[in-house]
1. Take the alpha-carbon centre of segment B:46-84, take the same for segment B:3-32, and report the distance between them in whole Å.
2. Which percentage, to the nearest 5, of the DSSP beta bridges contained in chain B is antiparallel?
3. Restricting to Cα pairs below 8 Å that are 6+ residues apart, what does the relative contact order work out to for segment A:236-343? Please round to a whole percent.
4. Assuming R0 = 51 Å, can you tell me the calculated FRET efficiency for the pair residue A:222 and residue B:369, based on Cβ-Cβ distance, to the nearest 0.05?
5. Got the relative contact order for chain B handy, in percent, Cα pairs under 8 Å and 6 or more residues apart?
6. Work out how much length residue B:258 to residue B:321 would gain on full extension: take 0.36 nm times their residue separation and subtract the Cα-Cα distance, in nm to one decimal.
7. What is the spin-label model distance, in nm, from residue A:141 to residue A:233 if the labels are put 7 Å beyond Cα along the C-beta direction?
8. What distance in nm separates the simple spin-label points at residue A:323 and residue A:160, each placed 7 Å from Cα in the Cβ direction?
């Protein structure tokens, strides 16, 4: 029978499926899932005409989980950010509007977090990528000890953030008993000791940037060394025969060849630095607002669960602002890359 | 520019931990390449021909021996100071640069007195591009070119600095059969037009024979024979060279020389004049067979392959080292072979039959004219 009939009946099903969502997200998902199930059992002939349905069926588990745990929360955050006076206990709100955004953008803590995050991004992304590139080129051009050094450079990657934070505290923190190793060094060279953890803003920012660079470096070195070693040696031999200087080989051949990887690292570096939070906690403790070292993600967390917390609407608004910033920066990156990245 | 190689030797340290003996890639290479000639370095893979090329280019340093370009000893010179152009097997064109930028690249490296103005560079690049006929493609990226066009760009880049010696590493191996024919003509033409001494490496004997002025056959790092292609083909110095040159390959038989005659199995095929007696290897070129109803060489016919201009007769013989033997005869002989006869008889052309020592594989020179 029934291929014809099946085909005819399908648009109806689809129409039903389209009608169902609209009241609210969760209901729609359940409805759609049920419909899918029914249609799957009706399927008589899998081979003729059901090829695409079969494909969707294979994708169903992934789509389901992504939908429930990613797409739905994302939409929900967006919705929350426009609901004014939301009460999480009673799940009610007073009205909709842009007040949450206005509040967040006028909150001095958020502005501080914004400033901190931007400083962190602007300082650490270029520096960490640049230094990682230098180290990778160095690693690539030495023979002996290469594996040992590669392992050492990779160690921070497998070390826990908080453990690293503890080590940094010991290095930088000033206590009644000791000034910390770094201050000892500064004094050795005749400088004045600085409190890096509780002291002036620039000192704290320096430690945070130093720490961030140190933590993100291993991954970048790993990616760049593999990118460098995958460049065909014949290009270098050809350049050598033509008498190309070392610097020119690096600028005109090596850099363009590994530019896709550098671009990848810059984009993920930007996104990662914008999302910084645990690094600041590891260094300055959980009261980041008090230390003046909060980040945007830290602000979102505080708004949800911190001592001043319980405001999911403000948290959502801040999260959406962060999303907008990251999206803008990534778009700019993509535009710049069109000219300078060679695939 | 003539190129002189004096006792050139290159040894690589052994990677094998048990066997510490060095690997000899090039063994005592001694040869004077005359000015303005096209030289083919020929041999199976791993015979040291590419290493020889790298030694001449300066990318590898010789363990022993000397290299002269003209009267200059360049043995210790870095590649960029030797005045060579090198074309890599995979062309090594910079994929992110246009054809023009690729050709300009070597010129932009020049420093000090040699430095050229932008206009001069462009002029030279255009000149090189015109020579290899790619001046229409200057703004394209290498990825947008066919294999043959990439090859030309690579040659233009190697030629743009007017090198004293042009080196080509397996120049045709990345091209399909039709392009290969075209490109080898092209290489010959470019070499003729520029008059630059050119050395190229190949494992394809047909390629080497077709365009080289002189071919050098190598095996295991050692030179087997040097000479003009036809000379080497007609008078191979040993069994290896004989087997390596020619398609279809030479047919090798177990032979016996008795009473002034060469016996292949029971058949006495040719008279032999010379001081040789006993077991030998006899190599017979495919074109050395003459179909004769009363021929001395009697074989079991396997089949006939028609190729248009020629036919290829496939047959077997007890004395042959390989299970099938191939003879190339003119197509007009097709009628003479009846497929169901099962047997076919040949006479042999004396100058196409070559005898080799059974132990050393060296050529035994004898007179076999009837």
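1. Measuring centre to centre over Cα atoms gives 13 Å.
2. Close to 80 percent.
3. About 30 percent, as a whole number.
4. Working: r = 74 Å, r/R0 = 1.45.
That pair, residue A:222 with residue B:369, gives E of 0.10.
5. On the way: 784 pairs, mean separation 57.0, N = 370.
The value is 15 percent.
6. Working: separation 63, 0.36 × 63 = 22.68 nm, distance 2.00 nm.
Using 0.36 nm per residue and subtracting the Cα-Cα distance, I get 20.7 nm.
7. So the two model labels end up 1.7 nm from each other.
8. Computed distance between label sites residue A:323 and residue A:160 equals 3.2 nm.
Read-outs: derived from the displayed coordinates by stated rules, not from any lab. What you see is a predicted model, and the numbers here were worked out from it, not measured in a lab. Here the Cβ is made from the backbone with ideal geometry for all residues, glycine too, and neighbour counts use every protein chain on show.
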